[in-house]
Amino acid sequence: MSASSAVAHNHHDADSHGHEHHHGHDHHELSFIQKYIFSTDHKVIARQFMFSALFFLFIGGFFALLIRWQLAYPGKAIPIIGNLLPSTWVTDGIIQASFYTQLLTMHGSVMIFLVIIPLAVGMFGNFCIPLMLGTDDMALPKLNMFSFWLMPPAAMITMGGFWFPDGMAAAGWTSYPPLAVINGPGQTCWLIGVFLIGFSSIMGGVNYITTILNKRTPGMTLFRMPLTVWALFITAMLIVLGTPVLAAALSMQFFDQFLGSSFFIPDNLVTTKKFVGGGQAVLFQHLFWFYSHPAVYIMILTPMGIVSDVLATFARKPLYGYKAMIFALMAIAFLGFIVWGHHMFQSGMNPLLGTTFMLSTIVIAVPSAIKIFNWLGTIWRGNIHFTAASMNALAFIATFIVGGLSGVFMASAPIDIYIHDTYFIVAHIHYVLFGGALFGIFAGIYYWFPKMFGKMLNENLGRKHFYWSFIFFNLTFFPMHILGVGGHMRRIYDPYIYDFLKPFQPMNEFITIAAGLLGFSQLILVVNILWTIKFGKKAPDNPWNANTLEWSAPTPPPHGNFTEDIRVYRGPYEYSMPGAKEDYAPQTKQDIPSEVEGEIVDESMFKAH
Amino acid sequence: MKGWFEWAYRDMLSFFPENVSTFGAQLDGLFTFVYWISVLIFILTYFLLIAFIIKYRARPNKKSYHFHGSNIVEFTWTILPTFLFVGIGLFSEDAWTKTKYQMKVPKPDVEVDVIAYQFGWQIRYPGPDGIFGKKDRFQMSKMNLFGIDSNDVNGKDDIIIENAQLHLPINKNIVVNLSTADVLHSFFLPNFRVKQDALPGKWIKVWFNGTKAGKYEIACAELCGSNHYAMRGEIFMYGQQDYDKWLDGKNKKMIELQQKQKAAELTLSDSTTTSQGS
Amino acid sequence: MASTHHHDDAHDHQKDYIKVIMWLLIFTFLTVVAALDWIPASWGDYGNKLHIGIGLLIAFMKAAMVVYIFMHIKFDHKFIRLFIGIPLFLFSVMVFAFTALESFY
Amino acid sequence: MSGLSLSHEPVTGVPHGKLAMWGFLASEIMFFSGFFGAFIVLRNSNLDVFSASAAELNKWLALVNTVVLIGSSLTMALSILQLQKGNVKLFRLFMGLTILCGLIFLVVKTVEYSGKFHHVLDEHEIMHLRNGVPPNPDALLPGINPSTNVFFAFYFLMTGFHAIHVVAGLIPMVFMFFKSFTKGGYNHPVKVEALGLYWHFVDLVWIFLFPILYLIFPAH
Ligand code: HEA
Ligand code: HEA
Ligand code: CUA
Ligand SMILES: [Cu+2]
């Protein structure tokens, strides 16, 4: 390949110029704004994504707690803050039915579009890709900055309905027409906001693909990339191919909302708003889920990659079945595009289609199973160090198994008849999104924080955060399976007008209390982060003795990331090589010192399998 | 407080509301089947996970086993779950065809129309003549949610129940023609294991066969606006005789009503058309 | 391996472009003519299908020429074809699910 | 240049800008796929309305636009070629022609649109366009617009987004055009090439819009 010739050339350069590199980038002083606000440096953008997403996590979490209050104690005033909330939301501190639907809509939208996707894709994508590939920045840094700065206005617009008397969007995060179309201006805001967020995602995705294909350092072949990068690569493809379909659906809904067309509205709807008719309501669902099913994998693949890296590092063991893991990712991504109909089993689409989607959906469990087994294989006969990062990664596996298995129930169309749109689904959502994606993200935060900020997070607080989150997470969401089995519908303001749901009130109360404590546990993370940034211990360059390239960069990495040219000699997971002195073998090190003094380990052993 | 602990020791399957339909048992059986498979997988994977965590926790001077994996193993654990999962799929197919395929809906013993609207259900019986009036989508209005064609005599005596109460006989194949006047709703009968979204502009056949007399609830399971939660309905299942009695009562009332209307019509000849509007 | 094609055969490209534009114009002309009302009404639905078939066939041929020559797919790295191939595949999946099965309801 | 060369030559040999543009185009294909997929579905269920409405469109304006846009694709390709050869004058000429074509396209589009907006529908036409179904007086805005029927909704949706794409393409073109007059000139062949890809794609979309909106409905 042309790359290899370029390498030889580069090395010459580096040698002859010595340490001249200090001049290149730091030449002109950057102003504060260029450095921290409108920065094109991928690391700064990653931090921006992280802080904005954590901020929205709290907004979304706050909405969730209001939801929980209403379900446990319907008709009772919210304590303490009840009277502080705007009067369009609550009367006398009591949540109104119309506000409840806004709450659940915004909770879902915020968590998905403004928390998990920006964290998993925006933050880790930006931070990890250039560093793990050994390059100085993204392929298109300006575009990168643009894709972050599209987010804040988009977020404001998404929640913009706040300023209208009708309130925010209130048709669920799925925004099904005709309901969404007859809703007020808040829904229009939501459409525009999510459209912009999607645009930002696409820009990011395009950038990742280009960077990964084009900016790998010499020696970094595709099959020497760490799984995090692989996962991001595949995620980027999902984004680039899926998100535009959502954009199309949203545009059409915008036309229906705003310009009086009827793409999704059949003839003669008996509502106050009048339409010309001729459209089909299920069409939107098809378009929506064509994106939104892949979107759930957009949210989980990167955490899966992170977990693979973290586990290999802390088990001091090569990742079990590296290639199988990659093919599994690809299989999930591919199948992810042909299973969207499983959200629509009861929607009135052709039941024959239900059969096809049922089979493809069930098959998608296979690559997931492969991943679970390979992670188990990775810790098997390992030497597992327990840190906040590795514990979160292990928790990811534990919760993803539960969430995935509940997915298999719903994948079977006849079983889904009963549990569709019940809390069984809500339990599934949170097991895969909170238990899966968010725990994976936590693992990543604990793992890379030292590199990002140059300070070691407080391990003690980290563990507390983990234990509390894990326990209260399960206490909050496991009982929801039971609610679902009992027939408890989702998205209902007051379950207790139904006789068959009355007995579930104590369980809802229990869940609410657990949810409050779960929310409280997240404060530990915040405290930990803020405290560490201010007072934390300085982090060494490679605190975990890990192999991947980012740990060969100084901590925190300067503008331009690396202080010397780097070349990759082996795969990312060569831990505990027999005969080697250290139990790790950084990808950049050509020669690994062996236990026997003066002997060089046979190079052929390091080949990625 | 006491209630909290009552559920803690119960088996998850015991939380299903009582099943009173013929195919409900099959659906519950499928759930149970997947449930036990899941429990098995859960135990297997959690056992390995916990065992490995304990057994292979870090100890000083220990070195991990340098091993990249084996193709045979990968192959095995790809194929085995594939069979298992495809098995689940094939196993489910029968129940799905039976409950949802429109061409497989059994011949109705009793047929009713149900239309959902924000926020309630209306139910239509064919009335004394036993024949439904034709539906015309363009005559649908707040006053005439079903869009009963005003030119069809069969529709004149159709009985419309506005308080969302469905009365049906047990041990009969019941076919509900389901649609909605406005946004999406979902016709959910927890005890019958029936759920079907109502689509505007489309009449979908939903069928079931109840096995036990009594009063059950109808719920809406698709977000349809602020009062989505309040779209509660009731379904009364009777033995055949009780059902006939109820139906006769309704039909008689309808006949009386029609006679009264005829009498009124004679005096006020052209007032019938004004009731139709947007 | 990198960018070998660009400069040396620039002239060929120019010729290619001219050729392509001629064909594009011819096809445009054809597609308009084909859309005229020349199919006997007695062909009924088959006539409609023929209309659609011809229209889309010509559109695809035009598109292929634009992609191959103007967009340099013919001369560029092979892997770039994936950027068109994968979306087209997904599009066909989408259309298949939307129409083929929906219409046999 | 520093001693470091961490920002290497593109590994694939395809410049960043061009590769990214291909990625973006893949995403654009999916965007329009969503519209086309929906179009196919709703066309099948509203065939009569669709063919009656398509007959209202002006084929000849669309034909002019097709030719204009195809022509602009040619001039675009030629301008890239000229910049690669270093011939700035010809580059500028062809770029100018491309911009001109783009503007003509937009002007024709505007004529077409305003013709629709100002088209006063009589009773008979309304029934015709709505397949005999009486319109809902509250829903129908005057003139032909997205609220007329599903066909026109698609017409405005698809041609509207297409026109937005044309405008979005023209902006950098105008920038490049004027930049080429300045002292430094404009010497970024890769950027022009990437923009060219985009422009050809815009042409490509039109190649499909032309038949499916204007042509393939049987004339009644
Ligand atoms: C990160 C997010 C995420 C992930 C990863 C998944 C993963 C899966 N989901 Fe989930 N899903 C959502 C997020 C996610 N989902 C959301 C947000 C919704 C609700 C949307 C809404 O309506 O608001 C939803 C809804 C949803 C539905 C619709 C339910 C309904 O509305 O009626 C269905 C139906 O099939 C489904 C199925 C699945 C399946 C089969 C998987 C599979 O990928 C799971 C595969 C994993 C496993 C199977 C477990 C691991 C495997 C093993 C432990 C090995 C097994 C061993 C042996 C066989 C030996 N999901
Ligand atoms: C990543 C995604 C994500 C995450 C993390 C969460 C987190 C939580 N979610 Fe939710 N949820 C969704 C995604 C997510 N959710 C989606 C997609 C839906 C479907 C929406 C729809 O139907 O359209 C949904 C729906 C949903 C419902 C169903 C609503 C309904 O159908 O009526 C419920 C109900 O209990 C719920 C609860 C919770 C709770 C208690 C948390 C907790 O885990 C939150 C814990 C975190 C915090 C609480 C943050 C910490 C905040 C503080 C410490 C501040 C405390 C402030 C005060 C106390 C004032 N979620
Ligand atoms: Cu009707 Cu919910
Ligand atoms: Cu899904």
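For the set A:LYS274/B:LYS250; B:LYS172/B:LYS250; B:LYS134/B:LYS262; B:LYS135/B:LYS260, the pairs lying more than 28 angstrom apart at their alpha carbons are A:LYS274/B:LYS250.
Remark: relative contact order (chain A) = 15 percent; criterion is Cα-Cα distance under 8 angstrom and separation of 6 or more residues. Straight-line cross-link partners of D:LYS109 among the lysines, defined as a Cα under 18 Å from its Cα and at least 8 positions apart when in the same chain: D:LYS59. Of the three principal axes defined by the Cα atoms of the range B:107-264, the extents in descending order read 44, 37, 27 Å. Backbone amide hydrogens, once placed in the peptide plane, bring A:VAL568 within less than 5 Å of A:GLY219, A:MET220, excluding anything fewer than 5 places away on its chain.
Tell me, what is the percent relative contact order of the range B:107-264, built from C-alpha pairs under 8 Å that lie six or more residues apart?
For the range B:107-264, the relative contact order is 25 percent.
If I fit a long axis through the Cα atoms of helix A:227-258 and take the longest principal axis of the Cα atoms of chain A, what angle between them do I get, 0 to 90°, rounded to 10? With both axes taken from Cα atoms, the answer is about 30 degrees. Rounded to the nearest 0.05, the FRET efficiency derived from the C-beta distance between B:LEU48 and A:ASN460 at R0 = 41 Å is 0.90.
Could you give the angle, 0 to 90 degrees to the nearest 10, between helix A:322-336's Cα long axis and the longest principal axis of the Cα atoms of chain A? Relative to chain A, helix A:322-336 is tipped by roughly 30 degrees. Take every pair of alpha-carbon atoms less than 8 Å apart whose residues are at least six positions apart; their mean separation over the length of chain B yields a relative contact order of 19 percent. Plainly put, the range C:2-102 has a radius of gyration that is 1.10 times its Kirkwood radius, both from alpha-carbon atoms, as the Rg/Rh ratio.
For A:LYS537, the residues whose modelled amide H falls within less than 5 Å of its own, excluding neighbours fewer than 5 places apart on the same chain, are A:MET456. Every Cα-Cα pair of chain B was included, and the share exceeding 24 Å stands at 64 percent. Per-residue Karplus couplings for the range D:174-188, computed as 6.51 cos²θ - 1.76 cosθ + 1.60 with θ equal to phi - 60°, are listed in order as 4, 4, 4, 4, 6, 4, 5, 7, 6, 4, x, x, 10, 10, 10 Hz, Gly and Pro entered as x. Listed values for the range B:53-62 are Karplus-derived 3J(HN,Hα) couplings in whole Hz (6.51 cos²θ - 1.76 cosθ + 1.60, θ = phi - 60°), namely 4, 6, 5, 9, 5, 5, 9, x, 6, 9, and x replaces Gly and Pro. Counted by Cβ distance under 15 Å from C:VAL33, the other residues give a net charge of +1, where Lys and Arg count +1 and Asp and Glu count -1. Averaging 1/r over each pair of different alpha-carbon atoms in the range A:39-279 and inverting the result gives 19.4 Å, the Kirkwood hydrodynamic radius. Computed over chain A, the P(r) curve from all C-alpha pair distances, binned at 20 Å from the origin, holds 19, 53, 24, 4, 0 percent per bin.
Note on the protein assembly as shown: Kirkwood hydrodynamic radius from all Cα pairs is 32.6 Å, rounded to one decimal. Of all lysines in the structure, those lying under 27 Å Cα to Cα from C:LYS78, and not within fewer than 8 positions of it along the same chain, are A:LYS215, A:LYS323, C:LYS15, C:LYS19, C:LYS62, D:LYS18, D:LYS85, D:LYS191. Once backbone amide H atoms are built at 1.01 Å from N, B:SER186 has B:ALA198, B:ALA221, B:GLU222 as its partners under 5 Å, excluding neighbours fewer than 5 places away on the same chain.
Counted over all Cα-Cα pairs of the range D:1-121, pairs farther apart than 23 Å make up 60 percent. Using 18 Å as the cut-off for backbone N distance, which residues of the range A:464-480 belong to the label zone defined by a point 7 Å from the Cα of A:LYS537 along Cα→Cβ? Under 18 Å, as judged by backbone N against the label point of A:LYS537, lie A:464-465 of the range A:464-480. If only the Cβ of Lys and Arg carry +1 and only the Cβ of Asp and Glu carry -1, the dipole of the protein assembly as shown around its Cα centre is close to 1380 debye. The phi torsions of the range D:50-58, fed into the Karplus equation with coefficients 6.51, -1.76 and 1.60 and a -60° offset, translate into couplings of 5, 6, 4, 6, 4, 5, 6, 6, 8 Hz, rounded to whole numbers, with Gly and Pro shown as x. Quick one: angle between helix D:189-209 and the longest Cα principal axis of chain D, in degrees between 0 and 90, rounded to 10, please. Between helix and principal axis, roughly 20 degrees.
Counting only lysines at least 8 places from A:LYS455 when in the same chain, those with an alpha carbon closer than 23 Å to its own are A:LYS35, A:LYS43, A:LYS464, A:LYS534, A:LYS537, A:LYS538.
Bear in mind these aren't lab numbers, they're just calculated from the coordinates by the rules spelled out. Everything numeric in this text was worked out from a predicted model, so none of it was measured. Note that each Cβ is placed from the backbone with ideal geometry, even for glycine, and that neighbours are counted across all protein chains shown.
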